[in-house]
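To start, the structure itself, in structure tokens.
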Amino acid sequence: MAGRVADLAVQIHGGSGYMREVPVERIYRDVRLLRLYEGTSEIQRLIIGSNLVKAAQRQQ
């Protein structure tokens with residue numbers, strides 16, 4: 001959600017949205033970093049699924 005909002009804010013500001021003088025640029029940059037840090041949704045789903053399977057096997 002934050003990524004979509006930041007993308008839209010940069011688009012609204014046009015070319016100036018990419019300039020360091022505009023606060024939107026910093027927010028956009030930070031959100032992009034969060035996207036990379038968190039990993040893709042698919043990878044997160046695989047990790048969660050794997051952990052759930054392991055937990056279920058331990059309970060049996």
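Observations
- Helix 23-38 and the longest principal axis of the Cα set of the chain meet at an angle near 20°.
- Here the sum of -39500 (n - 2.57) over DSSP H runs of 4 or more residues, divided by the residues of the chain, equals -26000 deg cm²/dmol at 222 nm, to the nearest 500.
- Quotient of C-alpha Rg and 2.2 N^0.38 Å, computed over the chain: 1.72
- Selection of GluC sites (Glu not before Pro), the range 11-59, meeting DSSP coil and at most 16 other Cβ within 10 Å: Glu21
- Other residues lying with their Cβ under 12 Å from the Cβ of Ala6 contribute a combined charge of +2, Lys and Arg counting +1, Asp and Glu -1.
- Leu36 paired with Lys54, simple spin-label distance in nm, labels 7 Å along Cα-to-beta-carbon: 2.7 nm
- Residue among Gln59, Leu34, Gln44 farthest towards the positive dipole end of the chain, charges placed on Cβ: Gln59
- The charge dipole of the chain, taken about its Cα centre with unit charges on the Cβ atoms of Lys, Arg (+1), Asp and Glu (-1) only, comes to about 280 debye.
- Of the trypsin sites (Lys or Arg not before Pro) in the range 4-60, the ones in a loop by DSSP (not H, G, I, E or B) with at most 14 other beta carbons within 10 Å are Arg20.
Since every read-out is calculated from the coordinates, none of them should be taken as a lab result. Please read all numbers here as calculations on a predicted model, not as lab measurements. Please note: Cβ atoms are built from the backbone with ideal geometry, for glycine as well, and neighbour counts cover all protein chains shown.
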